[in-house]
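To start, the structure itself, in structure tokens.
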Protein chains: 2
Amino acid sequence: MNTRNAFYAQSGGVTAVINASACGVIETARKHADRIGTVFAGRNGIIGALTEDLIDTSQESADAIAGLRTTPSGAFGSCRFKLKSLDANRREYERLIEVFKAHDIAWFFYNGGGDSADTCFKVSQLSASMGYPLQAIHVPKTVDNDLPITDCCPGFGSVAKYVAVSALEASFDVRSMARTSTKVFVLEVMGRHAGWIAAAGGLIEDHGIPVVILFPEIEFDQQRFIARVDALVREHGYCTVVVSEGCHHPDGTFLAEQGTRDAFGHAQLGGAAPVVANMVKEALGYKFHWAVADYLQRAARHIASKTDVQQAYELGQKAVELALDGQNAVMPTVERIADEPYAYRIGIAALADVANVEKFMPRDFITEDGFGITERCKRYLKPLIQGEDHPTYVDGLPVYVTLRNVPVPKKLGPFELK
Amino acid sequence: MNTRNAFYAQSGGVTAVINASACGVIETARKHADRIGTVFAGRNGIIGALTEDLIDTSQESADAIAGLRTTPSGAFGSCRFKLKSLDANRREYERLIEVFKAHDIAWFFYNGGGDSADTCFKVSQLSASMGYPLQAIHVPKTVDNDLPITDCCPGFGSVAKYVAVSALEASFDVRSMARTSTKVFVLEVMGRHAGWIAAAGGLIEDHGIPVVILFPEIEFDQQRFIARVDALVREHGYCTVVVSEGCHHPDGTFLAEQGTRDAFGHAQLGGAAPVVANMVKEALGYKFHWAVADYLQRAARHIASKTDVQQAYELGQKAVELALDGQNAVMPTVERIADEPYAYRIGIAALADVANVEKFMPRDFITEDGFGITERCKRYLKPLIQGEDHPTYVDGLPVYVTLRNVPVPKKLGPFELK
């Protein structure tokens, strides 16, 4: 059988484990050298395909590819670049097909969130209509955990573990200081629309920590929030607040937008955490500290969840197997079999059902008062943060690989990104 | 020989390893049960001694005490409470002696930074003059690494490791995103006066990361800073900035104070990181992300430096040995013998030489342009972040102990804190 080539690209915000999926794709492709020639990677995601800026992954040693499993970030570069609709910019889709044709690419593996699932689906449809049938497989990735059908998304478990561990440690710290100093600690976490990441902070309740969670799914009620914080501080002497960056007022304004201005009068230096911390100070006079985890949370490979790393790898592996199996316009998924002991299998979803659907926290995962997570939510979250997968350290720092990323000679003319 | 009791208290901001020192003190005291009766701990630091709110550590199991070695924060509670000078408040010092006398306490172990070294010294002096001689031993602790004589301070190595690991991971993230999105990542770290913690960010340079460090020791020059960031972004496509909370303008104003006002016109929600990030955006237009690590950095026991944990324990152990040896008004220190391979021994310093002296970064640890660290600084820092000392995990979270903290029956009347 003649071999044909594959294309792999990383899309959107990167995670602690998206490279583990890349590792799963490339290692599995290498095992099927009778059918898959070279895996080309897009330099900086789909932009690499549009500009024919391809990376020859066959130039990387087996060790380097294996090292991807323990390396955070996107080893080939990612991008925030959403292809427009077919009507608005058919030219981009046609260019993709042209590049794929020029490099004899038969398989398209796209590793990303909701937007990239949509792109992947459209590429598959268009390629068929253009007479260059391509098998397009989406590999799920998003710290936001907001893709439908799959029980969870690679990247989420590790962020959840980071948030739970960090909130636990900082809470122990505040508890030590509360007698004469800090009584309220506020940690801001990611999640513009869905509160999955903030929810992970609720796991420390079982360690005796009083915690208030502010979800994007629950409209912020300042008076009730202040009352809740005050009650917890009065009972425990301190409390921890985990606030999602997407937490907003009933009118839709984000907490972070609350009129903060710099010396020049420019709006918003950002941060829901300082806003919330100052609210507490104003209303209750409690001394506070706040942290904004930002990229640290999604890049924290050093505290990655073993479950998450394993699933990220398996979904990359499965994507290749599905492709070799003749599947098209699908995404491998995690199907949960049992919470405790945790069991799952890798399933499959049609991209038509995945594209443009966001999965929010079910209301019964959030306590009635809106400030905590329910037992049901804890049963959901716990398996996802289980296990450690410590990287190797040299001289005190983790060993993360940087690939050579050797370019593939171009065969086509330039293409201007619009 | 009759046994007499010991008193141990934690002071000031807690760290990832101050409990390892507590573990060293208590385990060593238990080994000398022929001379040391009970180790009483102050609940919430020295306040516990003043208010006679003592904790009976003999009620804790050997396992619980051993667990302190891997538990961040202050297990007995700490406090921000500086004893006034002897002239201003002799009453407090006399009360301490009264409490020590009532509980037959012959040894005073005080675990803290510069202020507590001073307190420890004064207690030792006063007790002698009051006819109740007490051996006062200071156990060094401070993430700021600013105590004199000792080569380093327990707590610092672990924060340094946290900062280097986090900056490395986030830099990999930014590097992935830089083509179309974030080009500058700003991480704010602790260090109001000394730049030791920020310096640790410089260790990632050897991993190929372009990094700019803003030290409290170097007056901030906005124009030169912007030029430096721009040069790095032009060369590498991205850069990382590590800014110390103590970074300030030539007139002494902290960057974090730069006129930020909330909706009510109140000054400063805080954060040097957003201020710096916005400066970059204003001047260069680069997309940025920023994080403020705050308590996360000093509480991060999960990524503690093994060297740091070991030294914290040994200094606690040595404090007891010095006490039994008849020493008074001293502090055990770390004496470096060699950088590579790293070797050290535990030394001893007189508190008279320690109290009220702050150790800043030597100028030759900072590069000439003021934005980086020199090879000499790297040789100093590298051994301090070496080795990992992973805690045990259950259900995805580290196992940290919470002690029973059983109170000792009071023998004296109440004492009002002023």
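The values are calculated or read from the model by the stated rules, or taken from the named source; none is laboratory data. These figures come from a predicted structure and were not determined experimentally. Cβ coordinates were reconstructed from backbone atoms using ideal geometry, including for glycine residues, and neighbour counts include every protein chain displayed.
General remarks:
- One residue alone among B:ASP353, B:ASP364, B:ASP308, B:ASP369 is over 16 Å from the mean Cα position of the chain (by Cα) and either in a loop (DSSP other than H, G, I, E, B) or buried (at least 20 other Cβ atoms within 10 Å of the Cβ) (or both), and that residue is B:ASP369.
- When the criteria are applied in full, B:ASP151 meets the requirement of being touching a Lys or Arg at 6+ places or on another chain (Cβ under 6 Å), away from chain A (no Cβ under 14 Å), over 30 Å from B:VAL184 (Cα atoms) and in a loop (DSSP other than H, G, I, E, B).
- Residue within region B:373-381 that is in a loop (DSSP other than H, G, I, E, B), under 21 Å from A:LEU397 (Cβ atoms) and at pLDDT 95 or above present: yes
- Region A:366-410: number of residues that are under 19 Å from A:LEU68 (Cβ atoms) and among the acidic types (Asp, Glu): 2
- Filtering region B:182-191 for residues that are more than 16 Å from the chain's Cα centre (by Cα), away from chain A (no Cβ under 14 Å) and assigned to a loop (DSSP other than H, G, I, E, B) leaves an empty set.
- Residue list for region B:46-90, filter: among the hydroxyl-bearing types (Ser, Thr, Tyr) and farther than 26 Å from B:VAL309 by Cα: B:THR51, B:SER85
- Summed over region A:118-146, residues that are assigned to a loop (DSSP other than H, G, I, E, B) and within 14 Å of A:GLU92 (Cα to Cα) total 1.
- Single unsatisfied condition, B:GLY237 versus (1) crowded, with 21+ Cβ neighbours inside 10 Å; (2) within 11 Å of chain A (Cβ to nearest Cβ); (3) at pLDDT 95 or above: (1)
- Any helices (runs of 4 or more DSSP H) falling wholly within region B:9-88 and containing at least 2 residues that are touching a residue at least 60 places away in the same chain (Cβ under 8 Å) and within 14 Å of chain A (Cβ to nearest Cβ): B:18-31, B:46-50
- Checking every residue in region A:71-89 against the condition of being at pLDDT 95 or above and among the acidic types (Asp, Glu) gives zero matches.
- Residues in region A:385-408 that are at the interface with another protein chain (Cβ under 7 Å from one of its Cβ atoms), at negative phi and not aliphatic (A, V, I, L, M): A:GLN386, A:GLU388, A:HIS390, A:TYR393, A:PRO398, A:TYR400, A:THR402.
- Qualifying residue in region B:220-233 (condition: away from every other protein chain (no Cβ under 11 Å), polar (S, T, N, Q) and assigned to a helix (DSSP H, G or I)): yes
- Matching residues in region A:192-219 - criterion: being outside any loop (DSSP other than H, G, I, E, B) and either within 11 Å of chain B (Cβ to nearest Cβ) or not aliphatic (A, V, I, L, M) (or both): A:TRP196, A:ALA200, A:GLY201, A:GLY202, A:LEU203, A:ILE204, A:GLU205, A:ASP206, A:HIS207
- Consider region B:186-227 and keep the residues that are out of contact with any Gly (no Cβ under 7 Å at 6 or more places or on another chain) and of a type in the set (Gly, Ala, Ser). The one that is nearest to B:SER166 (Cα to Cα) is B:GLY201.
- Number of the exception - B:ARG192 against (1) in contact with a Cys (Cβ under 8 Å, 6 or more places away or on another chain); (2) of a type in the set (Lys, Arg); (3) modelled with pLDDT under 95: (1)
- Taken as a whole, the structure places B:ALA106 among residues that are surrounded by fewer than 24 Cβ atoms within 10 Å (Cβ to Cβ) and assigned to a strand (DSSP E or B).
- The set of residues in region B:154-178 that are at negative phi and assigned to a loop (DSSP other than H, G, I, E, B) comprises B:PRO154, B:ALA178.
- Scanning region B:154-181 for residues being among the polar types (S, T, N, Q), within 9 Å of chain A (Cβ to nearest Cβ) and surrounded by 24 or more Cβ atoms within 10 Å (Cβ to Cβ) gives a total of 3.
- Residues in region A:122-138 that are at pLDDT below 95 and within 22 Å of A:VAL354 (Cα to Cα): A:LYS122, A:VAL123, A:SER124, A:GLN125, A:LEU126, A:SER127, A:ALA128, A:SER129, A:PRO133, A:LEU134.
- Meets criteria (among the acidic types (Asp, Glu), crowded, with 19+ Cβ neighbours inside 10 Å and in contact with a Lys or Arg (Cβ under 9 Å, 6 or more places away or on another chain)) for B:ASP339: no
- The set of residues from region A:265-302 being within 8 Å of chain B (Cβ to nearest Cβ), modelled with pLDDT under 95 and assigned to a loop (DSSP other than H, G, I, E, B) comprises A:HIS266, A:LEU269, A:GLY270, A:GLY271.
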